[in-house]
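Step one of this worksheet: look at the structure below.
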């Protein structure tokens, strides 16, 4: 195989060329993300056929697990803009050490993560989880804890590979992991091949096992692929370096908190909506699932934008970075708007796929309009936030995320749902979605403004 090709970043590119590069990078990432989501769906279906308590435990446990993992993974995403800048600036000798420090940081972050997963009592008590469900949830989280170092190491590889513009390996590894997890989880949950049924713990064990498989695949890919040999990734292995680790933390902690804010806001909305009754919660869940599926598209394109902007900034090509943002923003908004129109036209059959309960369908259909609008502005802020990460700007976006998603979507949604005039006696889950639409509109404006300011700065293309 040939050595890695450094693109001539000084050469002009048309909008069509940029769009092709974005799609080339985004579609494997999109497939990998959808496969990851399918594992969570599989856990729900598998435990649902085993028992109600186990289904409830995997619902609560996966929420806790995802929140902790995404917080830590968000910090490790600092590897992506760091490596992208090195790649764009053609600092080949700096790429290997950057990955090594990312691996060290992953192992360090695994320690508090394992502690949280192994001793989650305070989180379960905070959420008022019933005792019988809490016991099974603790067992599930303890099982997943054994795989946490692997998932953090793999996600470091994930960020590194994305930064070099090689996402197809991530898609193939996701296929391997998903194809392994589904039969393994089924066997462990229900029993088979001489193994006793483990219930929800089986899903946790399977999750830990496939995380180690994913990391092994990633490490093997790095070691055996000749395209990576010039980077000397495993030669002259460096010990943890304080300055490099602090630089990654300075960049990554705001990224991790931003991710956590977005994930936790929807988790908390579901908890607050529980007091409205089963139909309201289920209807909200249907719409939230639809929103999550649609979000995978702008997220995949945004990750590609982060990489290309980071490479252009590292090469000190501000015009290329601005063109990437412009083309990426236009493509993302157009595609999400098209999906929104199609969803609105086919809302009844789509909602019917998620529930056969007429009451649940009625709630969900009443909320579909909000996500059709919400997704457009959420796509704008997602693209802008990832472009800013490409420029290594992460602290101010974290503050904006907290303001919009915790301050307006969550706190404002609570007021609109339960205390707005006319709703004290008839609260509605629609209040949370109304606030979410307002929050994303404000976020799109604020992030767009911040991105414009950053792109106009003379130092925007510097590393």
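The values are calculated or read from the model by the stated rules, or taken from the named source; none is laboratory data. Since we're looking at a predicted model, the values are computed, not measured. Counting neighbours? That spans all protein chains shown, and the Cβs are built from the backbone with ideal geometry, glycine included.
What the table below lists for this structure:
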read-out	value
Filter result for residue 296 (surrounded by fewer than 18 Cβ atoms within 10 Å (Cβ to Cβ), touching a helix residue (DSSP H, G or I) at 6+ places or on another chain (Cβ under 7 Å) and within 21 Å of residue 32 (Cβ to Cβ))	yes
Among the candidates 291, 334, 319, residue that is at negative phi, in contact with a helix residue (DSSP H, G or I) (Cβ under 6 Å, 6 or more places away or on another chain) and in the same structural domain as residue 372 (by TED's automatic domain parsing)	291
Any hit, the range 274-294, residues being in contact (Cβ under 8 Å) with a residue 60 or more places away in the chain and within 21 Å of residue 23 (Cβ to Cβ)	yes
Residue 266 being without any contact (Cβ under 8 Å) to a residue 40 or more places away in the chain, in a helix (DSSP H, G or I), in contact with a helix residue (DSSP H, G or I) (Cβ under 7 Å, 6 or more places away or on another chain) and surrounded by fewer than 22 Cβ atoms within 10 Å (Cβ to Cβ)	yes
Residues that are buried (at least 16 other Cβ atoms within 10 Å of the Cβ) and either part of a helix (DSSP H, G or I) or free of Cβ contacts under 8 Å to residues at least 40 places away in the same chain (or both), drawn from the range 12-28	18, 19, 21, 22, 25, 26, 27, 28
Residue check, residue 94 farther than 25 Å from residue 208 by Cβ, crowded, with 16+ Cβ neighbours inside 10 Å, more than 24 Å from the chain's Cα centre (by Cα) and without any contact (Cβ under 8 Å) to a residue 24 or more places away in the chain	yes
Helices (runs of 4 or more DSSP H) wholly inside the range 114-172 that include at least 2 residues being under 20 Å from the mean Cα position of the chain (by Cα)	131-145, 148-163
Residue ID - surrounded by the fewest Cβ atoms within 10 Å (Cβ to Cβ), chosen from residues in the range 393-435 that are within 25 Å of the chain's Cα centre (by Cα) and not in a helix (DSSP H, G or I)	393
Yes/no for residue 258 being under 29 Å from residue 64 (Cβ atoms) and surrounded by 21 or more Cβ atoms within 10 Å (Cβ to Cβ)	yes
Total residues in the range 76-91, condition over 20 Å from the mean Cα position of the chain (by Cα) and assigned to a helix (DSSP H, G or I)	4
Scope the range 200-236; condition in a loop (DSSP other than H, G, I, E, B) and at pLDDT below 85; matching residues	232, 233, 234, 235, 236
Residue 316 vs. criteria outside any helix (DSSP H, G or I) and over 19 Å from the mean Cα position of the chain (by Cα)	yes
Residue 106 being farther than 26 Å from residue 184 by Cβ and either buried (at least 23 other Cβ atoms within 10 Å of the Cβ) or within 19 Å of the chain's Cα centre (by Cα) (or both)	no
Among the residues listed as 383, 438, the single one being assigned to a helix (DSSP H, G or I) and in contact (Cβ under 8 Å) with a residue 40 or more places away in the chain	383
Hey, residue 360 surrounded by 19 or more Cβ atoms within 10 Å (Cβ to Cβ), modelled with pLDDT under 90 and touching a helix residue (DSSP H, G or I) at 6+ places or on another chain (Cβ under 9 Å) or not	yes
Lone unmet requirement of (1) within 30 Å of residue 192 (Cα to Cα); (2) over 24 Å from the mean Cα position of the chain (by Cα) for residue 58	(2)
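Let's see how each residue does on (1) within 25 Å of residue 132 (Cβ to Cβ); (2) surrounded by 23 or more Cβ atoms within 10 Å (Cβ to Cβ); (3) out of contact with any strand residue (DSSP E or B) (no Cβ under 9 Å at 6 or more places or on another chain); (4) modelled with pLDDT of 80 or more:
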position: 30; (1), (2), (3), (4): no, no, yes, yes
position: 33; (1), (2), (3), (4): no, no, yes, yes
position: 38; (1), (2), (3), (4): no, no, yes, yes
position: 42; (1), (2), (3), (4): yes, no, yes, yes
position: 65; (1), (2), (3), (4): yes, yes, yes, yes
